[in-house]
Amino acid sequence: MLWLPTVFRQMRPVSRVLTPHLTRAYAKDVKFGADARALMLQGADLLADAVAVTMGPKGRTVIIEQSWVSPRVTKDGVTVAKSIDLKDKYKNIGAKLVQDVANNTDEEAGDGTTTATVLACSIAKEGFKKISKGANLVEIRRGVMLAVDAVIVELKKQSKPVTTPEEIAQIATISAGRKGVITIIEGMKFDRGYLSPYFINTSKGQKFGYMLWLEIL
């Protein structure tokens, strides 16, 4: 049996050797300007290219490697986006930024993640191109927001209100397909936030789920 002081004395030579390496493991590599933007854009392009193949009714499927289980075959854009993790950390930052767009679109709308990913990558590409030519960042953002407002107005003009149960069923079955299964869950939703974060009881998103059982005697 070794006493603790003896163990500490024996570990001192090892700690002297490992300390510099452990310190460097947490060091940050900082990049500025065009070099950083170019690497981030490469990562965003790579993710967008992988997701774009699933777009539309003629989109192709993607095979995703999974640990310990069989590969997953999917045509869901957000699933493809979530599965991408690049080795280069700068490229991975660009990929994660576009990945956030897909995740937010999935949470807000539940569909259109592929289109949102392609649009986000295209906006980033054109924005970086303007920045490299000396354009004003504030003006670029203002132009993007004006374009978004114009697109929303045009989409509302082209949209068709859904009024009948048959039309609702047609919309619901678009994503489900011919062999899909749709589960209707009855409940009530309050269109407002929570009063306290301690009410959150779900692991996916900041949400509160509650089921009420009534027994009639």
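Every number here is computed from the coordinates shown, using simple stated rules; none is lab data. This structure is a prediction, so every number in the text was calculated from the model and none was measured. Methodologically, a virtual Cβ is constructed for each residue, glycine included, from the backbone with ideal geometry; neighbour enumeration extends over all protein chains shown.
Available extension along the chain between Asp100 and Val73 is 7.5 nm, counting 0.36 nm per residue and deducting the alpha carbon span. Based on the alpha-carbon gyration tensor of the stretch 33-158 and its eigenvalue square roots a ≥ b ≥ c, which shape applies: rounded if a/c is under 1.5, prolate if not and a/b is larger than b/c, or oblate? Cα axes put the stretch 33-158 in the oblate bin. In terms of packing, defined here as the mean over residues of other Cβ atoms within 10 angstrom, the peptides 146-158, 50-62 line up highest first as 50-62, 146-158.
Extending 7 Å from Cα along the Cβ direction at Glu167 and again at Lys87 yields two label points whose distance is 5.3 nm.
In this calculation the C-beta distance from Thr115 to Ile140 is compared with R0 = 22 Å, giving a FRET efficiency of 0.55.
A straight chain from Val148 to Asp29 at 0.36 nm per residue would run longer than the Cα-Cα distance by 39.3 nm.
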